[in-house]
């Protein structure tokens, strides 16, 4: 299982960890942005959504692109 550190929701701890395998959709805002300003919004199977910042957003984008490629039949 791959986990990812994300910004917590208002009123919760400063950060939390989520399982990448439970992400149903991720919107990336990384293209053309400096690495420290990039982010992604991730939507989970349980209905929660989180904001992933900076390097983590780039790493998630790469991970999900690789997963998508490996799921594509030859």
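The values are calculated or read from the model by the stated rules, or taken from the named source; none is laboratory data. These figures come from a predicted structure and were not determined experimentally. Every residue, glycine as well, gets a Cβ built from its backbone with ideal geometry; the counts of neighbours run over all protein chains shown.
How about segment 47-67: which of its residues are under 14 Å from residue 33 (Cα atoms), within 9 Å of the chain's Cα centre (by Cα) and part of a helix (DSSP H, G or I)? Scanning segment 47-67 gives 56, 57, 58, 61.
Does residue 4 count as surrounded by 12 or more Cβ atoms within 10 Å (Cβ to Cβ), modelled with pLDDT of 85 or more and under 11 Å from the mean Cα position of the chain (by Cα)? Taking the combined requirement at face value, the residue does not satisfy it. For segment 14-28, residues that are assigned to a strand (DSSP E or B) and loosely packed, with under 15 Cβ neighbours inside 10 Å total 6. For segment 12-57, the set of residues classified as at pLDDT below 90 and out of contact with any strand residue (DSSP E or B) (no Cβ under 9 Å at 6 or more places or on another chain) consists of 12, 13, 21, 31, 32, 34, 35, 55, listed by residue number.
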